[in-house]
Amino acid sequence: MRIMECIGKVTLSKWNSTLDGASWKVAVPLMHDGLCGKKSGRTEPIVVFDELGAGDGTLMAVSESAEAAAPFHPDTKPIDAYNAAILDNVNVAGT
C-alpha cells in the first residue's frame with residue numbers, strides 16, 4: 001500500500017458494468033519528500049478506482065496489483081489500483 005495524492009479525475013465514455021457506482025482518479029504516489037510537502041517527492045501518476053469520493057489534494061492509501069481487487073472477493077473487478085482509505089493527516093518522523 002502506498003500513500004498518494006489525488007490530482008484529478010478520469011472521465012469514461014464506456015466501462016465494465018462491474019465498475020458502476022464509483023469513479024476513477026488520477027493520483028501521484030508520494031515519496032518521503034512528497035509527504036513532507038515538497039514537489040520533488042512525487043513520481044509518475046496512476047489511475048485509481050475510488051468509491052470513497054476523494055477530491056483534488058486528498059491523501060489516499062492505495063493498494064495495487066492483485067491486492068486492489070481483494071476487497072471485492074468473490075466478485076472480480078478489472079482494476080489495478082484501489083483507494084482503500086482517505087487520510088486526514090500523515091506524520092513523518094524526523095521532519
Which residue, Leu59, Leu12, Leu35, has the most motion in a Gaussian network model of the chain that connects Cα atoms within less than 10 Å?
Leu12
For Lys9, list the lysines whose Cα falls under 20 Å from its own Cα; do not include residues on the same chain fewer than 8 positions away.
Lys25, Lys39, Lys77
Sorted from largest down, what three extents in whole angstroms do the Cα atoms of the chain have along their principal axes?
44, 27, 21
Cut-off 10 angstrom, C-alpha nodes, Gaussian network model of the chain. Which of Ala84, Ala22, Ala69 fluctuates the most?
Ala22
Say we join alpha carbon atoms closer than 10 Å with springs in a Gaussian network model of the chain; which of Asp33, Asp20, Asp56 then has the biggest fluctuation?
Asp20
Separation between Cα centres of the stretch 40-71 and the stretch 4-25, rounded to whole Å:
11
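Rule-based calculations on the coordinates, nothing more; no lab input. Just so we're clear, the structure is a prediction, and the values are computed from it rather than from any experiment.
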